[in-house]
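**Q** Submitted below is the structure of interest, expressed as structure tokens.
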Amino acid sequence: MNSFDGEIPAVWFLISSIGFLILSLIQYRNTGKSINTIFLFIMTSIFFLSYIILIIPR
């Protein structure tokens, strides 16, 4: 089994972002614009920006 050495692969941020996007779309379809929908969309944005930051070469 591989060891992560404390490093989180960037692809997990992309997968989480897509998951939050799907959840926010389902939430929006069911309840409309609510605080939960806004929160899920903010989480989508944060995780996607984290993914972009990690893949930009330094």
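A short reminder: the numbers here are calculations on the coordinates, not readings from a lab. Every value quoted in this text rests on a predicted model; they were computed, and no experiment measured them. Backbone-built Cβ (ideal geometry, glycine too); neighbour counts: all protein chains shown.
**Q** May I ask you to compute the full-extension gain from Phe39 to Ile8, defined as 0.36 nm times their residue separation minus their alpha-carbon distance, rounded to one decimal in nm? List each step's numbers first, then the result.
**A** Numbers: separation 31, 0.36 × 31 = 11.16 nm, distance 2.34 nm.
Additional length available on full extension: 8.8 nm.
**Q** So, R0 is 25 Å and r is the distance between the beta-carbons of Ile52 and Leu23; what FRET efficiency does that work out to, to 0.05? Numbers along the way, then the final one.
**A** On the way: r = 20 Å, r/R0 = 0.81.
For Ile52 and Leu23, the calculated efficiency is 0.80.
**Q** By how many degrees, 0 to 90 and rounded to 10, does the Cα axis of helix 35-55 deviate from the longest principal axis of the chain?
**A** For 35-55 against the chain, the angle is about 20 degrees.
**Q** Compute the acute angle (0 to 90°) between the alpha-carbon long axis of helix 11-31 and the principal axis of greatest extent of the alpha-carbon atoms of the chain; round to the nearest 10°.
**A** 10
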